[in-house]
Amino acid sequence: MRPPVEENPSYLAVDYSDDDVILYMDGSVKAGTLQALVERLTLHDHHSFNATFLMTYRSFATGVEIVDRLARRYSIQPPAGLTPDQVRDWQTRKQKPVKLRVFNIFKTWLDQYFNEEEDPEVLNKIETFAEEVLARDIQVKMPYQVLLRAVQRRRTVGDIGARRLTVTTAQPPPPIVPKINPSRGVQLLDIDPEELARQLAIFEANLYNRIKPVDCLDTAWSRSNREDGANIKAMILTSNRMAAWVAQAILTHIDAKKRAQVMKYFLQVADHCRRFNNFSTMFAIMAGADSTPINRLKRTKDNLSTKSQALWESLDKTLDIGRKYAGYRELLKRINPPCIPFLGAYLTFLTAIEEGNANMLPCPTDPTRKLIHFAKRQKCADVIREIQQYQATPYTFISLPVVQTFVRERLENVENGPDAYELSLKLEPREREDEKM
């Protein structure tokens with residue numbers, strides 16, 4: 001008769017030491033060595049931990065390092081001195097589950113979190129692992145072809161192609177095609193403000209949906225290197241140009257009534273943006289309207305109707321900048337996608353996380369050893385998930401090439417215009433200068 005197998009024998013324990021990881025009371029990870037974190041990826045199916053790791057690992061390791069460590073984890077060997085029965089028990093209760101979880105981590109990584117541009121060598125290494133390790137494993141038969149197909153899919157469609165989009169059956173509203181005078185081309189006021197808001201939603205969504213987790217890590221968007229945080233930098237640049245365009249379009253007109261007409265127009269566009277949950281463009285338009293060169297135009301604002309002035313106040317209230325966007329954040333909780341949130345709020349949160357938390361923490365028993373501050377990455381991942389949830393539901397508006405071209409040209413050329421503040425002073429000099437005239 002065989003002796004009974006222990007319920008939790010030591011050979012089934014984790015391979016890392018107690019000094020390699022710091023846990024909270026609830027068992028969640030506060031910090032750990034890279035090896036300990038990789039091992040925990042393969043201990044159990046903990047979705048939150050795994051998702052955070054795969055979303056943020058680029059802030060503490062390279063993709064090549066992760067592949068190598070997962071491959072080594074797959075090839076774990078039993079401790080020395082085990083009896084044949086213990087080896088079989090170890091194989092059943094530890095080796096096989098670890099191998100299955102390594103396989104699942106690779107597949108999840110490829111399906112949901114991979115970015116070929118960041119780690120160009122990684123696909124080749126995963127492919128080699130599938131062909132030379134998984135395919136030859138006689139103990140645990142792995143569907144290695146599934147991994148090879150996932151690799152090939154990434155090579156074919158990249159990271160954008162694998163994104164899961166919510167399918168909508170809603171019919172798009174018929175576009176309001178502007179009536180254009182061929183002799184003068186498209187003019188701003190030729191475009192219905194609602195239609196401009198639709199086209200701006202298409203334009204901004206295209207930028208917003210390109211944002212990847214790596215863009216959000218380590219305040220990458222604040223670095224001088226063009227490639228770091230490139231997708232966030234593109235949105236910031238567009239928002240700045242949008243605000244400048246609003247100011248420039250208003251200041252183009254010498255007549256105060258004409259300026260007020262353009263002011264009213266952009267307030268209407270911003271209102272439609274709010275209705276379409278495009279808070280990114282709404283914030284940018286209001287940044288232009290509330291900028292010093294525009295906000296000081298008393299004679300221009302006096303020509304706005306009471307209704308337009310009330311709309312301006314309502315839009316500013318939605319921004320709620322004075323209370324750190326508290327009202328806006330409450331509004332965001334109540335709306336249904338599609339939505340393009342105001343990215344600046346997220347960047348503020350990510351910057352606070354980055355500046356308020358160390359990347360590494362000292363080991364409690366040996367302060368000279370440093371552990372990866374995983375709880376910091378968890379906080380970043382929570383913000384990134386919120387950014388991502390609005391990338392899943394597309395707008396159904398129909399793109400109008402003539403309006404898209406108009407918007408793109410205005411944004412690209414806005415920096416070539418005159419200084420807005422100097423122009424504002426020329427149009428409406430300070431009161432004391434008026435008195436000298």
Next on the checklist: Need the failing condition index for LYS301 against (1) surrounded by fewer than 17 Cβ atoms within 10 Å (Cβ to Cβ); (2) over 30 Å from PRO173 (Cα atoms); (3) at pLDDT 95 or above, just the number.
Outcome noted: (1)
Checklist entry - Got a sec? Which of ALA270, ALA289 is more than 22 Å from the chain's Cα centre (by Cα) and within 13 Å of ALA244 (Cα to Cα)? => result ALA289
Checklist entry - So which pairs qualify, if the first residue must be in segment 170-188 and closer than 18 Å to ILE398 by Cα, the second must be aliphatic (A, V, I, L, M) and assigned to a loop (DSSP other than H, G, I, E, B), the Cβ gap must be under 7 Å, and the two must be at least 6 apart or on different chains? => result PRO172/ILE398; PRO175/ILE398; PRO175/LEU400; VAL177/LEU400; PRO178/VAL186; PRO178/ILE191
Next on the checklist: Just checking, does segment 2-20 include any residue being of a type in the set (D, E, K, R), touching a residue at least 24 places away in the same chain (Cβ under 8 Å) and more than 28 Å from LYS376 (Cβ to Cβ)?
Outcome noted: yes
Checklist entry - What residue, of LYS30, LYS107, is at pLDDT 95 or above and farther than 26 Å from GLN145 by Cα? => result LYS30
Checklist entry - Given (1) crowded, with 21+ Cβ neighbours inside 10 Å; (2) modelled with pLDDT under 95, where does ILE321 come up short, assuming only one miss? => result (1)
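Name the one entry in ALA201, ALA230, ALA249 that is touching a Phe, Trp or Tyr at 6+ places or on another chain (Cβ under 9 Å), free of Cβ contacts under 8 Å to residues at least 40 places away in the same chain and either aliphatic (A, V, I, L, M) or under 26 Å from TYR265 (Cα atoms) (or both).
Selected residue: ALA230, the only one of ALA201, ALA230, ALA249 that is touching a Phe, Trp or Tyr at 6+ places or on another chain (Cβ under 9 Å), free of Cβ contacts under 8 Å to residues at least 40 places away in the same chain and either aliphatic (A, V, I, L, M) or under 26 Å from TYR265 (Cα atoms) (or both).
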Item to check | Residue in segment 44-56 that is more than 30 Å from PRO213 (Cβ to Cβ), touching a residue at least 24 places away in the same chain (Cβ under 8 Å) and not polar (S, T, N, Q) present | outcome: no
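What is the residue count in segment 4-43 for residues that are of a type in the set (Asp, Glu), part of a loop (DSSP other than H, G, I, E, B) and surrounded by 13 or more Cβ atoms within 10 Å (Cβ to Cβ)? Reasoning before the result, please.
Taking segment 4-43 as the starting set, the residues that turn out to be of a type in the set (Asp, Glu) are 6-7, 15, 18-20, 26, 39.
Restricting the remaining residues to those that are part of a loop (DSSP other than H, G, I, E, B) gives 6-7, 15, 26.
Then drop every residue that is not surrounded by 13 or more Cβ atoms within 10 Å (Cβ to Cβ), which leaves 15.
Of the residues in segment 4-43, 1 are of a type in the set (Asp, Glu), part of a loop (DSSP other than H, G, I, E, B) and surrounded by 13 or more Cβ atoms within 10 Å (Cβ to Cβ).
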Checklist entry - In segment 349-368, which residue that is surrounded by 14 or more Cβ atoms within 10 Å (Cβ to Cβ) and out of contact with any Leu (no Cβ under 6 Å at 6 or more places or on another chain) is farthest from GLY229 (Cα to Cα)? => result PRO362
Checklist entry - Out of all the residues in segment 278-314, which are under 17 Å from HIS253 (Cβ atoms) and of a type in the set (Val, Ile, Thr)? => result ILE294, THR300
Next on the checklist: Six or more apart or on different chains, Cβ atoms under 9 Å: show the pairs whose first residue is in segment 404-415 and farther than 15 Å from VAL246 by Cβ and whose second is not in a helix (DSSP H, G or I).
Outcome noted: THR405/VAL186
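So that you can scan it fast, the table gives a plain yes or no per residue for (1) surrounded by fewer than 14 Cβ atoms within 10 Å (Cβ to Cβ); (2) not basic (Lys, Arg):
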{"site": "LEU70", "(1), (2)": "no, yes"}
{"site": "LYS96", "(1), (2)": "yes, no"}
{"site": "LYS99", "(1), (2)": "no, no"}
{"site": "LEU110", "(1), (2)": "no, yes"}
{"site": "ASN115", "(1), (2)": "no, yes"}
{"site": "VAL122", "(1), (2)": "no, yes"}
{"site": "PHE129", "(1), (2)": "no, yes"}
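The values are calculated or read from the model by the stated rules, or taken from the named source; none is laboratory data. Please read all numbers here as calculations on a predicted model, not as lab measurements. Because the Cβ atoms are built from the backbone with ideal geometry, glycine has one as well, and the counts that use them run over all protein chains shown.
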